[in-house]
Amino acid sequence: MTTTNRLARRSAALLLALGLGTPLLAGAETLRFGGNFTDDHSSSRAMEIFRDALAERTDGDLTAQLFPNMQLGGAGENVDQVASGAIAGTWIGISYLSRTVPELEALSLPFAFASREEAFELIDGEIGELLDAQLAEKGFVALGYMELGFRHVTNNDRPLETLDDFQDLKLRLQPNQTHLDTFRAIGANPVSMDINEVYGALQQGVLDGQENPYSIISTKRLDEVQAHLSDSGHFYDFIVVAANRDTFNRLSDEEQQAVREAMAEAVAWQRQTAAEEDEAARQALIERGMQFTPIGDETRAALREASQGVVDDLRDKIGAEIVDRVLEELAS
């Protein structure tokens, strides 16, 4: 696809998202959601389940229109569009909202989660309710939390077998200060960059590597520009479906309930599907030519020890109470 065609497609999508394209049916209302995940990612497929379930629950009076695969721009742009009310909502990695709600960084403690089940228990409980309230204060409504997954480092320089192997690697990370601080603590050179720029930066050698869940590495075809794959699992990451608070509150009680029920159905499907696809994505990357090097227990312990100062810094930044509550929940 040429640059001109890509721009034309994006402009047309943006016009639709802003309600300036084809007219809507009289009496019907459409909620527009933008996302940066590819069409085949489990979160985008889950949003299709949400769309269909919402239409069924409201007899078509309230529908959702989806714009995945960065049709409306990158994740940062999608957040801005939701904040302004230009679109109704977005599904994004939770780190993209951490600048707006710093308390979300309490979910990014390095090497904190032992399993996805532990992560879901945390976000579905009191911690999730507390963060939902913080999002609401900033003009967002959290409709649900899907799995993005454990994040793993890839690079083009060398296998990652020891703490020293991370030294000076220029790695792309999400715009999350805790993530960046963690990689500085283990000796890497992290760079904050939107996902839509990563493939080109890796291809041109601007970056040595990046970190993402296996599913994103696979669906973004980063194996085409990366040689080495690890199982660092340094953070567990969520996808949040965030809506504009005012747009959501303008819906009737029945419509709000329909949105939440449809999203609950979509989230349940995505969590199960993401878990099933995680190992398959890792195997697919290996089969497509990446060299996989598992990180041993000794190295993982060294990484955890090197990054513990980040936890103390986070207590100072967002308050000890929420950080300690997360740690207590994980320890219980």
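Filtering the range 149-180 to residues that are at pLDDT below 95 and over 28 Å from E277 (Cα atoms) leaves only Q177.
Taking residues in the range 254-275 that are within 23 Å of D237 (Cβ to Cβ), and partners anywhere that are of a type in the set (S, T, N, Q), the pairs with Cβ atoms closer than 7 Å and at least 6 places apart or on different chains are Q270/S42; Q270/S43; T273/S42; A274/S42; A274/S215. Inspect all residues belonging to the range 216-231 and state whether any of them is in a helix (DSSP H, G or I) and open to solvent by 30 Å² or more (accessible area, probe 1.4 Å). Taking every residue of the range 216-231 in turn, at least one turns out to be in a helix (DSSP H, G or I) and open to solvent by 30 Å² or more (accessible area, probe 1.4 Å). Taking the numbered list (1) open to solvent by less than 30 Å² (accessible area, probe 1.4 Å); (2) modelled with pLDDT under 95; (3) assigned to a helix (DSSP H, G or I) in turn, M47 passes all entries but (2). Among residues of the range 307-332 that are among the basic types (K, R), those with a beta-carbon under 7 Å from a residue that is surrounded by 12 or more Cβ atoms within 10 Å (Cβ to Cβ) at least six positions away or on a different chain give the pairs R315/V323; K317/P102; R325/I127.
Residues in the range 163-184 that are surrounded by fewer than 18 Cβ atoms within 10 Å (Cβ to Cβ) and either without any contact (Cβ under 8 Å) to a residue 24 or more places away in the chain or small (G, A, S) (or both): D164, Q167, D168, R184. For A13, the conditions (1) open to solvent by 10 Å² or more (accessible area, probe 1.4 Å); (2) over 19 Å from Q257 (Cα atoms); (3) modelled with pLDDT of 55 or more all hold with the exception of (1). Within the range 140-157, the set of residues being in contact with a Ser or Thr (Cβ under 9 Å, 6 or more places away or on another chain) and either part of a helix (DSSP H, G or I) or not aromatic (F, W, Y) (or both) comprises V141, M146, E147, L148, G149, R151, H152, V153, T154, N155. The number of residues in the range 145-162 being out of contact with any Lys or Arg (no Cβ under 8 Å at 6 or more places or on another chain) and either surrounded by fewer than 22 Cβ atoms within 10 Å (Cβ to Cβ) or over 16 Å from S218 (Cα atoms) (or both) comes to 8. Say whether the condition of being surrounded by fewer than 20 Cβ atoms within 10 Å (Cβ to Cβ), more than 25 Å from D208 (Cβ to Cβ) and under 20 Å from the mean Cα position of the chain (by Cα) is met by at least one residue in the range 248-258. Within the range 248-258, not a single residue is surrounded by fewer than 20 Cβ atoms within 10 Å (Cβ to Cβ), more than 25 Å from D208 (Cβ to Cβ) and under 20 Å from the mean Cα position of the chain (by Cα). Candidates E276, E298: the one that is open to solvent by 80 Å² or more (accessible area, probe 1.4 Å), part of a helix (DSSP H, G or I) and closer than 29 Å to A142 by Cβ is E276.
Determine whether A243 is open to solvent by less than 20 Å² (accessible area, probe 1.4 Å) and of a type outside the set (D, E). Criteria met by A243.
The number of residues in the range 279-295 that are on the phi > 0 side of the Ramachandran plot and open to solvent by less than 40 Å² (accessible area, probe 1.4 Å) comes to 0. Checked against the criterion of being in contact with a Leu (Cβ under 7 Å, 6 or more places away or on another chain), on the phi < 0 side of the Ramachandran plot and outside any strand (DSSP E or B), the range 262-273 has at least one qualifying residue.
The values are calculated or read from the model by the stated rules, or taken from the named source; none is laboratory data. Note that this is a predicted model, so its numbers are computed, not measured. Cβ coordinates were reconstructed from backbone atoms using ideal geometry, including for glycine residues, and neighbour counts include every protein chain displayed. The protein model used for the area step is the full one, side chains on, heavy atoms only, and it has no ligands, DNA or RNA in it. Shrake-Rupley method; radii C 1.70, N 1.55, O 1.52, S 1.80 Å.
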